1. Considering every residue within region 81-89, establish whether at least one is at pLDDT 95 or above and in contact with a helix residue (DSSP H, G or I) (Cβ under 6 Å, 6 or more places away or on another chain).
2. Determine the pairs where a residue that is of a type in the set (Val, Ile, Thr), located within region 56-71, has a partner that is modelled with pLDDT under 85 with Cβ atoms under 9 Å apart, the partner being 6 or more residues away or on another chain.
3. Hey, does region 46-59 have a residue that's open to solvent by less than 100 Å² (accessible area, probe 1.4 Å), part of a helix (DSSP H, G or I), at pLDDT below 95 and not hydroxyl-bearing (Ser, Thr, Tyr)?
4. Before we move on, is PRO39 exposed (fewer than 10 other Cβ atoms within 10 Å of the Cβ) and either at pLDDT 95 or above or polar (S, T, N, Q) (or both)?
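The values are calculated or read from the model by the stated rules, or taken from the named source; none is laboratory data. Treat the numbers as computed from the prediction; the structure is a model and nothing was measured. Heads up, the Cβs are rebuilt from the backbone with ideal geometry, glycines too, and the neighbour counts pull from every protein chain shown. We work out accessible area using only protein heavy atoms, side chains counted, and drop any ligands, DNA or RNA first. Shrake-Rupley method; radii C 1.70, N 1.55, O 1.52, S 1.80 Å.
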Amino acid sequence: MDEGNGTAGNADNIADMSFEQALGALESIVQQLERGDVPLDDSINLYARGEELRAACQKRLDAAQARIEKIVTGSDGNPSGTAPLDGAS
């Protein structure tokens with residue numbers, strides 16, 4: 001019963017989360033798993049949810065890094081603006 005609802009619903013919820021919310025949810029899952037008092041089936045579901053959260057956080061970090069790398073510098077070496085992430089170089 002939880003498996004059907006969990007996967008699709010979790011993916012939608014993660015997409016709606018801010019980076020900070022997703023990271024907080026991931027930290028909560030890690031704490032639960034580290035305690036070791038979660039039943040095996042629940043641990044597997046928590047691990048899967050944690051992996052989805054980790055992947056979402058990594059995707060957002062990668063996008064942020066790409067934006068930072070697109071900072072355009074002026075002739076004096078100082079940042080003079082930004083270029084769109086999907087813009088041509």
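1. No - not one qualifying residue is present in region 81-89.
2. ILE68/THR82; ILE71/PRO79; ILE71/SER80; ILE71/GLY81; ILE71/THR82; ILE71/ALA83
3. Taking region 46-59 first, the residues open to solvent by less than 100 Å² (accessible area, probe 1.4 Å) are 46, 48-53, 55-58.
Keeping just the survivors that are part of a helix (DSSP H, G or I) gives 46, 48-53, 55-58.
Subset that is at pLDDT below 95: none.
No, the conditions are met nowhere in region 46-59.
4. Details: exposed (fewer than 10 other Cβ atoms within 10 Å of the Cβ): yes; either at pLDDT 95 or above or polar (S, T, N, Q) (or both): yes.
So PRO39 passes the test.
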